[in-house]
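The values are calculated or read from the model by the stated rules, or taken from the named source; none is laboratory data. This one's a predicted model, so the numbers in the text were calculated from it and none came from an experiment. Every residue, glycine as well, gets a Cβ built from its backbone with ideal geometry; the counts of neighbours run over all protein chains shown. Heavy atoms of the whole protein, side chains included, go into the accessibility calculation; ligands, DNA and RNA do not. Shrake-Rupley method; radii C 1.70, N 1.55, O 1.52, S 1.80 Å.
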2 protein chains.
Amino acid sequence: MSILIISKQKNTKLLVNALRKKIRNTPIYVYPEDTPKEIVEYVLCWKAEKDILQNFPNLKAIQSLGAGVEHIFDTQNISQKIPVARIVDPQLSEDMWEFLLAITLNHIKNLPLYHSQQVKQEWQQHAYKTIKSTTVSILGLGKIGSFVAGNFGALGFPTQGWSTSKKEIKFVKSYFGESGLIKMLQNTDVLINLLPLTNSTKGILNKKNLIQLKKGAFLINVGRGAHLLEKDLLKLLDAGYLSAAALDVFNQEPLPPDHPFWKHPKIRITPHNASLTNIETALEQIVENYHRMKKNQPLLNQVSHKKGY
Amino acid sequence: MSILIISKQKNTKLLVNALRKKIRNTPIYVYPEDTPKEIVEYVLCWKAEKDILQNFPNLKAIQSLGAGVEHIFDTQNISQKIPVARIVDPQLSEDMWEFLLAITLNHIKNLPLYHSQQVKQEWQQHAYKTIKSTTVSILGLGKIGSFVAGNFGALGFPTQGWSTSKKEIKFVKSYFGESGLIKMLQNTDVLINLLPLTNSTKGILNKKNLIQLKKGAFLINVGRGAHLLEKDLLKLLDAGYLSAAALDVFNQEPLPPDHPFWKHPKIRITPHNASLTNIETALEQIVENYHRMKKNQPLLNQVSHKKGY
């Protein structure tokens, strides 16, 4: 048997070296190097080319190299019999929370505005919003979303969250369903998208929904690029419905140089950097799942083929 | 008797109108309008001209219109018999904390760097620091400093504070004295100055002290402009000892257009906007102190002539 790593974007050098120290009796190949197809049983995968996994007839398990798995389900035709796992990094939740708090405070304390004033040597005070006067709403109350929402609430932000079902999270008002979504959006100053990408969440950040937000609301997208209808966002920003948007994820990454987002004065771009998977944490889970695969046990952080997350 | 308002910078129109509704039987003058000097007993003051208060022989109390009083002690020769009070706004502490958290997270999550990359359409990830790996030190543990330090600590930042005497604040390691200062600085990633301006704190942000900070530390000055030796800061930034500085207060405000701080790539300027006194809160304390003055009672939030705060 062997392990194959297929990763389009992530730098896998550190990972491969570390993995070879932990798993000594199994060959580890890195795509596209020449690999005997029949012996590949465990694939570690990040944004592989379409249908590439069909080339490995004896595949027994697929491990995503990050928190997301939609890059697998969207491009590969996988038998329900092959388990798929994702990385769950507890530090990822903490990092995501810190990043989202930074982006939110940055906005309500007008720091981008002061930066643009500094360029013009302009001294002008502006009223700021406070934590207690800023209602934050989180789309998606999975592991990371629940953690983030609970933290915003505990710090004093009026906090709401939307999910497929009702959730009990301290300091967080829970909404669900289509009517719950509209109700929540209508009382939102800062909307944070942390949904997984599925058929039913794709394009959820569209004009119909975003126009429900309080006038001058602020959008933060740290889910996936495909959650957002880019043209709808541009229209709402230009018409003043939204005051600004902070985007960490995009349909195409890196964001192409000629994309209109780069130069838009109300759009703040970060390069998919909200939280970066810690290599030690990833390594532990990959090694554990290698052993579980060999023993035909359920994987750690295995996802549902049906739900897609 | 009468009340006189002397304010160089603050817009007093709203205050005067509100005050006239609360104190109906005493004339309220606004400098420089013609005022019978003998009847002035209560002065509300913000950055008055030098020695102007000597013109009022029957002055019984001085109320600063903000949290600081050094603008009074530095420019006026006041008998120890005349009590001086400042405004203590509980929301000011909360606002200051939120501003300092915004500025700190903004820095450790590289948001200014991503902004400058966006201008160049550059997609490049950078490692970020986390809350638990960022040691924050607060200079000054008065009302606002203690509150801010306790909050940084509670959120998970390793937090230290320096003051004239040892303080007991949950989550905060307390330092005092000259040797305590050096010890604290040597283990500091983010230094926040919240000291009052006195003879012994003037110029405390100098090369000798700042060079003790951990290499690449970040300085935030929300105390007073005169705490900082500007040339020392520029030298330390240019030599790479400090990674950046966020300044909200300056020797001269507004900061003159030709000042080198405006264009320095490692300096972030905000226009003395960290926390703005709430007019309702100020009004209440001013009215209360007016009544106390009339009854010869100690003032609310009275300061020490000797200490200067």
Exercise for review: Considering (1) small (Gly, Ala, Ser); (2) within 14 Å of chain B (Cβ to nearest Cβ); (3) in a helix (DSSP H, G or I), say which one A:ALA149 fails and leave the rest.
Suggested key: (2)
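Matching residues to (1) touching a residue at least 60 places away in the same chain (Cβ under 8 Å); (2) at the interface with chain B (Cβ under 9 Å from one of its Cβ atoms); (3) in contact with a strand residue (DSSP E or B) (Cβ under 6 Å, 6 or more places away or on another chain):
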{"site": "A:VAL88", "(1), (2), (3)": "yes, no, no"}
{"site": "A:LEU92", "(1), (2), (3)": "yes, no, no"}
{"site": "A:MET96", "(1), (2), (3)": "yes, no, no"}
{"site": "A:SER133", "(1), (2), (3)": "no, no, no"}
{"site": "A:ILE138", "(1), (2), (3)": "no, no, yes"}
{"site": "A:THR159", "(1), (2), (3)": "no, no, yes"}
{"site": "A:LYS170", "(1), (2), (3)": "no, no, no"}
{"site": "A:SER200", "(1), (2), (3)": "no, no, no"}
{"site": "A:ASN206", "(1), (2), (3)": "no, no, no"}
Check your understanding: Restricting attention to segment A:78-120, which residues are touching a helix residue (DSSP H, G or I) at 6+ places or on another chain (Cβ under 6 Å), part of a loop (DSSP other than H, G, I, E, B) and either closer than 30 Å to B:SER275 by Cα or open to solvent by 30 Å² or more (accessible area, probe 1.4 Å) (or both)?
Key -> A:LYS109
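For segment B:57-77, name all the residues that are of a type in the set (A, V, I, L, M, F, W, C), open to solvent by 30 Å² or more (accessible area, probe 1.4 Å) and not in a helix (DSSP H, G or I).
Result: B:ALA67, single match.
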**Study point:** In segment A:211-224, residue farthest from A:LEU141 (Cα to Cα) [restricted to those that are of a type in the set (Gly, Ala, Ser) and open to solvent by less than 10 Å² (accessible area, probe 1.4 Å)]
**Key:** A:ALA217
Check your understanding: Is there a residue being under 16 Å from the mean Cα position of the chain (by Cα), under 22 Å from A:LYS306 (Cα atoms) and at pLDDT below 95 anywhere in segment A:35-48?
Key -> yes
Practice item. Report yes if some residue within segment A:230-238 is over 13 Å from A:ASN206 (Cβ atoms) and within 14 Å of another protein chain (Cβ to nearest Cβ); otherwise report no. Key: no
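Sort out which residues of segment A:167-181 are in contact with a helix residue (DSSP H, G or I) (Cβ under 9 Å, 6 or more places away or on another chain) and loosely packed, with under 14 Cβ neighbours inside 10 Å, and write them in order of number.
Across segment A:167-181, the qualifying residue is only A:LYS170.
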Check your understanding: What's the number of the condition B:GLN252 fails, among (1) among the polar types (S, T, N, Q); (2) in a loop (DSSP other than H, G, I, E, B); (3) surrounded by 15 or more Cβ atoms within 10 Å (Cβ to Cβ)?
Key -> (3)
